[in-house]
1. Would you mind working out the magnitude of the charge dipole of the range 13-91 relative to its Cα centre, with +1 at each Lys and Arg C-beta and -1 at each Asp and Glu C-beta, to the nearest 20 Debye?
2. How large is the dipole of the chain about the Cα centre if only Lys and Arg carry +1 and Asp and Glu carry -1, each at its Cβ, rounded to the nearest 20 debye?
3. Could you sort 23-35, 96-108, 293-305 so that the peptide with the highest average Cβ count within 10 Å comes first and the rest follow in order?
4. To the nearest 10 degrees, how steeply does helix 182-206 sit against the main Cα axis of the chain, on a 0 to 90 scale?
5. Can you give the FRET efficiency to the nearest 0.05 for residue 7 and residue 176, using r as the Cβ-Cβ distance and R₀ = 45 Å?
6. In terms of Cα to Cα distance under 18 Å, which lysines are near enough to residue 69, apart from those fewer than 8 places away along the same chain?
7. Does the chain classify as rounded, prolate or oblate by the C-alpha gyration tensor (a ≥ b ≥ c root eigenvalues; a/c under 1.5 gives rounded; else a/b over b/c gives prolate, otherwise oblate)?
8. Report the charge-dipole magnitude of the range 143-292 in Debye, nearest 20, computed about the Cα centre from +1 at each Lys and Arg Cβ and -1 at each Asp and Glu Cβ.
Amino acid sequence: MSQIYCLPERRNVPIQENQTVLEALLANDIPHAHACGGNAYCSTCRVMILEGIESCSAPTAVERSLNKKLEFPVHVRLACQTRVQGDIAIRRMVTDAQDLDIVERQSAEGAVGGKQQVALLMVGVRGDGTLDEDNFYYDLIYILSRYFLLARRVLRPFGGKEQASFGNDLLVKFSLDEGPEPALRAVWAALELQRELEGLNAHLHQLSYSPLRLTMGIHYGIGVVMGMGLGRTQERAQHVVGRLVDEVQRIELAGRKTGSSLLLSESAWELVRDRVVSPRNFNVVFGGDRDRECRVFEVTAVQGEAPVVLAAEEPTESRSLTSRLAGFMKRLGEIRVL
Ligand code: FES
């Protein structure tokens, strides 16, 4: 008779050939979740196969259909559909109410995430000194509001999807979902933002504020993406998490130390090297369990035609202030009625 080594219980459970993994667990008093009663509908019986995937039966048609919706990797199986011919080790994946919350959300919204080829652009903005020490809080809010409006308007036509903002910093993802050449689009977006910032700085100068400066890093590779959103009904954006994010932050930080506005990792640079001007390169240490040194490349210009994938928003300055004020008053009236 085969055995299932089961985590988190750290127990060996016997399983007969005609039993499913779910039946074996329940017969041995392991309270494994099975909300739909073993009908391959709820996915609460999911387990991760840690060892012995070759001893597991092939997924049934109903399991394959659920897998397609949730995009499980091959080593995540439904215990209610899996039989074994040999010993296996598993980790039960729904063991408390929070695990169930995750399953419920995935069932409502689809795939849990996966891996994706992406270019990540990290944009940091700084003042001459420290932005909040040099400005009153209202000035700081005004300056950053103008900057973020500009950044979003410039990055969008290149297919940049905002992943997160950490304080003054923005993390933006470019992937094949929006169009070809994500690394090249990230470079164009970064240099275009740099160029457009000059206009904003001229405006800030008129108001007696000091100019803003950018430091940007671009990295390219296979990232782990997962759906994130605040509410069950909110559309979930696919966010990159993990090593790639950590490394692009380090590249951006290296730009601050070397005085470079835009640095590319070697993997990103290899994809665009024929199209960019790259006067300098440096070594950067990527942290982790084993520190490793990587080459980064400064990029100051890009040649060729801009790879725009989405229509640009009409710049607000191209509409007259009078027509904008009329629209503003109309919306204000609607808000007050509500
Ligand atoms: S018990 Fe519902 S899918 Fe297995």
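Bear in mind that the values in this text are calculations on the coordinates, not laboratory data. This is a predicted model, so every value here is computed, not measured. Please note: Cβ atoms are built from the backbone with ideal geometry, for glycine as well, and neighbour counts cover all protein chains shown.
1. About 360 debye.
2. Once rounded to the nearest 20, the dipole reads 460 debye.
3. My ranking of the peptides, most packed first, is 23-35, 293-305, 96-108.
4. That helix lies at roughly 40 degrees to the long axis.
5. 0.80
6. 115
7. Here the chain falls in the prolate category.
8. Roughly 240 debye for the range 143-292.
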